[in-house]
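The values are calculated or read from the model by the stated rules, or taken from the named source; none is laboratory data. Please read these numbers as outputs of a predicted model, since none were measured by experiment. Here the Cβ positions follow ideal geometry from the backbone for every residue, glycine too, while neighbour counts run over all protein chains shown.
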């Protein structure tokens, strides 16, 4: 099988395209303009039943153009970098801007906020792997997982993927910057059967550097263990009990906080944390800070979506909400300054304790370990929280049996304040870095 031979466009080529777009915008009368260009290439292979199921190549380009006529804005997104396509896009954006209402908060980021001297980060580690080798690894992963236990009836999917990308942002305030990145994945989804019961689970590894990926054998074993451990799952009686979110699920719990403090939610008054600056949100031993310049980290970036330099913002300090996450637009709406978070946070990290997951279970003594969540029953306006979950019931600090078809509910405000401990088992497979989280008490709805 042939791999994609054509390389990504170089930073110099993308910069020439961005200059052309900005010049076209000025020629059409725009008082300001900005452009972001993202390109990536890679492939994903999937194995099933001991053979290759799919090989998918991707080579994508996304161009986003914003033009401003005073405080009126027009936006266009395209995937074609040819001159005639970008010229037509600029013309369309200018036409749109002329029919929009003026917005006092609209416009480019302030020039003094731009990352003219942004850091060069280690985010690019290409994986020298052929499609044939990736297929062999995917098949190996499936075979090892299925051989682990006779109750594993099939592998729903075993995948290997790799991608290289480049992101560039430029505007008419004189800023132009770019950074390359890579991302590689191994994943295995299994189905196990015992009598008439079937259960599904998975394991995966993701990293910017292929050397940091978990081994094929480890992913296969973890997927197999997780899947067979779910067999025999039962429902619980409705009760109140402590809850531990496994680290990979705790990421979602903190993700709700990240969403609730974004500027867009705050100025629209669509968050339960409106007017909560300098108020206690978490216990005093909890702090939340972003680290945007970590080498090899999945959430790192030298500048945000507006070219503003990223920084190590402290959002929660000793339990107190110290800052919202703002881009230039939301900052202006709130009468504040950007925090370099246009497009989101970067490697949001929580203060962790020194207890392993096993030690957290001992601390909890009796309660629920959540390893899977379903649905999206979260209302950020009120903080109401209700999610379908699966996991394990724990007594005397030891897992007793798997559970399913239950719901946990509460208020995010109370859940955050009710955090007792954060484990040392930090999951680095995402933009939010956290260990498992033990919450004092939640409502568990079952039979």
Looking at residue 96, is it part of a helix (DSSP H, G or I) and under 28 Å from residue 55 (Cα atoms)?
no
Which condition from (1) assigned by TED's automatic domain parsing to the domain that holds residue 181; (2) under 22 Å from residue 408 (Cβ atoms) is the one that residue 224 breaks?
(2)
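Tell me whether the range 61-83 contains one or more residues that are assigned to a helix (DSSP H, G or I) and assigned by TED's automatic domain parsing to the domain that holds residue 142.
So far as the range 61-83 goes, yes, one or more of its residues are assigned to a helix (DSSP H, G or I) and assigned by TED's automatic domain parsing to the domain that holds residue 142.
Going through 345, 443, 415 one at a time, which residue ends up being surrounded by fewer than 17 Cβ atoms within 10 Å (Cβ to Cβ) and at pLDDT 95 or above?
Result of the check over 345, 443, 415: 443.
For the range 99-112, which residues satisfy the criterion of being closer than 15 Å to residue 172 by Cα and part of a loop (DSSP other than H, G, I, E, B)?
106, 107, 108, 109, 110
Residue-by-condition table, conditions (1) touching a helix residue (DSSP H, G or I) at 6+ places or on another chain (Cβ under 8 Å); (2) modelled with pLDDT of 95 or more; (3) outside any helix (DSSP H, G or I):
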site	(1), (2), (3)
116	no, yes, yes
126	no, yes, yes
129	yes, yes, yes
133	no, yes, no
145	yes, yes, no
Show the residue pairs that are 6+ apart or on different chains and have beta-carbon atoms under 7 Å apart, the first residue being within the range 93-119 and closer than 21 Å to residue 327 by Cα and outside the structural domain of residue 24 (by TED's automatic domain parsing), the second being at pLDDT 95 or above and surrounded by fewer than 20 Cβ atoms within 10 Å (Cβ to Cβ).
none
Candidate set from the range 378-403 (those that are crowded, with 18+ Cβ neighbours inside 10 Å and more than 25 Å from the chain's Cα centre (by Cα)); member that is farthest from residue 202 (Cα to Cα)
394
Going residue by residue through the range 203-214, is there one that turns out to be over 22 Å from residue 298 (Cα atoms) and under 26 Å from the mean Cα position of the chain (by Cα)?
no
Subset of the range 256-271 [closer than 14 Å to residue 341 by Cβ and in a helix (DSSP H, G or I)]
257, 258, 259, 260, 263, 264, 265, 266, 267
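The rows are residues; the columns are (1) in contact with a strand residue (DSSP E or B) (Cβ under 7 Å, 6 or more places away or on another chain); (2) more than 30 Å from residue 119 (Cα to Cα); (3) crowded, with 19+ Cβ neighbours inside 10 Å; (4) at pLDDT 95 or above.
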{"residue": "172", "(1), (2), (3), (4)": "yes, no, no, yes"}
{"residue": "204", "(1), (2), (3), (4)": "yes, yes, no, yes"}
{"residue": "207", "(1), (2), (3), (4)": "yes, no, yes, yes"}
{"residue": "216", "(1), (2), (3), (4)": "yes, yes, yes, yes"}
{"residue": "240", "(1), (2), (3), (4)": "yes, yes, no, yes"}
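So, in the range 329-362, exactly how many residues are at negative phi and touching a strand residue (DSSP E or B) at 6+ places or on another chain (Cβ under 7 Å)? Show your work before the answer.
From the range 329-362, those at negative phi are 329-334, 336-339, 341-342, 345-346, 348-362; that's our starting set.
Okay, now just the ones that are also touching a strand residue (DSSP E or B) at 6+ places or on another chain (Cβ under 7 Å), so 338-339, 341-342, 345-346, 348-353, 355, 360-361.
Of the residues in that region, 15 qualify.
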